[in-house]
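Reading through the structure tokens given below for one structure.
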Amino acid sequence: MRAMRRTAIAVFSVVAALTLSACGGSTDEATTAESSSAMKGGALNSEEKAESAEVEGILEAEVETEEIPDTSGLSSNRVCPGVNSDIFECLESSGDFSYFLSILNDAQRNELATSGPLTVFAPTDDAFEALGDEAQGLLDEDEDLRKEVVAHHIVKGAYLTPDFFREDPRFIDVAGFSGVETDLNDVIYVEGAGVGPGDNLLNNGIIHVINKVLIPGNPWWEE
């Protein structure tokens, strides 16, 4: 009996030892697996962070190297800066074209407000004042003359200043002007009227400010 008890105890001890060893092995393997998984996860996170940082660096480089063209001399709106509107509203908000607006008839006023694209050569109040009292009196009295004069300042289509020298078709033929030229300082003249710098872009066209009233059928070179 003692021999059998000793054998049983020995067997139990061996089984217990194997069980503990097996449990310990599973725990170690789980710990090792978790550690390995954590290391892999950490590596992926590092790779993702590195890739993200690289993409951000490329985007920043693109932003820094992108050149914004300077359009201040070509397309700035000097007539009514900050006003996104039609031609009529722009001229009205400026305050420098009161006389020109006053001789518009209803159809022309509506045209500048709703039609387009149009190119308007807008004489300033000083330009009309330079006509003298007699000429202004004729404009005030003759409705047909006012309509004709105003119409001579409005061209169908949108024309930037470089377009004034276009040959096919010729701008002066489309506009009905007698001539376009530049001086030694690159100032543009349309029928002898100096054109202000820049192209004033509006919702329905372009405004070119001029310092002289354009009179239909009046050859500017004979003045």
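FYI, it's all coordinate maths here, none of it is from the lab. Note that this is a predicted model, so its numbers are computed, not measured. Methodologically, a virtual Cβ is constructed for each residue, glycine included, from the backbone with ideal geometry; neighbour enumeration extends over all protein chains shown.
Summary of computed values
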{"quantity": "Some residue of region 208-217 being surrounded by fewer than 15 Cβ atoms within 10 Å (Cβ to Cβ) and of a type in the set (S, T, N, Q)", "calculated": "no"}
{"quantity": "Filtered residue count, region 136-172, keeping only those that are touching a residue at least 12 places away in the same chain (Cβ under 8 Å), in a helix (DSSP H, G or I) and over 16 Å from residue 101 (Cβ atoms)", "calculated": "5"}
{"quantity": "Which numbered condition residue 136 misses (of (1) surrounded by 18 or more Cβ atoms within 10 Å (Cβ to Cβ); (2) in contact with a Phe, Trp or Tyr (Cβ under 7 Å, 6 or more places away or on another chain))", "calculated": "(1)"}
{"quantity": "Qualifying residue in region 171-191 (condition: aliphatic (A, V, I, L, M) and under 21 Å from residue 90 (Cα atoms))", "calculated": "no"}
{"quantity": "Pair list, Cβ < 7 Å and 6+ apart or interchain, from region 174-188 residues that are touching a residue at least 24 places away in the same chain (Cβ under 8 Å) to residues that are hydroxyl-bearing (Ser, Thr, Tyr)", "calculated": "188/161; 188/182"}
{"quantity": "Residue that is surrounded by the most Cβ atoms within 10 Å (Cβ to Cβ) [pool: residues in region 96-133 that are among the polar types (S, T, N, Q) and closer than 20 Å to residue 190 by Cβ]", "calculated": "119"}
{"quantity": "Top-ranked residue in region 171-193 [being of a type in the set (D, E, K, R) and more than 29 Å from the chain's Cα centre (by Cα); ranked as nearest to residue 215 (Cα to Cα)]", "calculated": "191"}
